[in-house]
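One structure is given here, and the rest of the page talks about it.
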Amino acid sequence: MTYMTYINQYGWFDDMGQGAKETILTPALCRAARGLLDWTQVDLADQAAVSRSTIRDYEGKHHEIHRATEAQLRLAFENGGVAFVEVDGVGTCLCLPAAAG
């Protein structure tokens with residue numbers, strides 16, 4: 001949502017406000033990343049320091065999550081070994097690094 005338009009220091013028109021939220025971690029990707037790591041919702045909640053109900057409600061599409069919460073979840077997945085990869089024409093995909101050896 002745009003709240004106001006203003007002229008920035010370069011003389012260009014810019015919009016103030018949060019704008020459209022660009023979500024990388026969709027509910028489906030959240031479930032898929034948990035599956036790759038064999039994590040329960042409780043495991044993810046512990047790793048990301050968020051409540052299990054937040055994860056349950058987000059994955060069930062009952063509500064959106066804040067950007068900070070999305071960042072916590074994504075960081076937990078990345079620390080667990082999941083890589084988020086952008087693929088042209090497809091979008092965000094998940095993968096695990098190849099096993100060493």
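The values are calculated or read from the model by the stated rules, or taken from the named source; none is laboratory data. Keep in mind that this is a model prediction, so the values were computed, not measured. For neighbour counting, all protein chains shown are included, and Cβ atoms are generated from backbone atoms with ideal geometry for every residue, glycine included.
Data table
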item: Residue identified as at pLDDT 85 or above, surrounded by 17 or more Cβ atoms within 10 Å (Cβ to Cβ) and either out of contact with any Leu (no Cβ under 9 Å at 6 or more places or on another chain) or of a type in the set (Gly, Ala, Ser) (or both) among ALA45, ALA28, ALA32; result: ALA45
item: Residue in segment 1-20 that is at pLDDT 65 or above and either closer than 24 Å to ALA98 by Cβ or part of a helix (DSSP H, G or I) (or both) present; result: no
item: Segment 66-78, residues that are touching a residue at least 24 places away in the same chain (Cβ under 8 Å) and of a type in the set (A, V, I, L, M, F, W, C); result: LEU73, LEU75, ALA76, PHE77
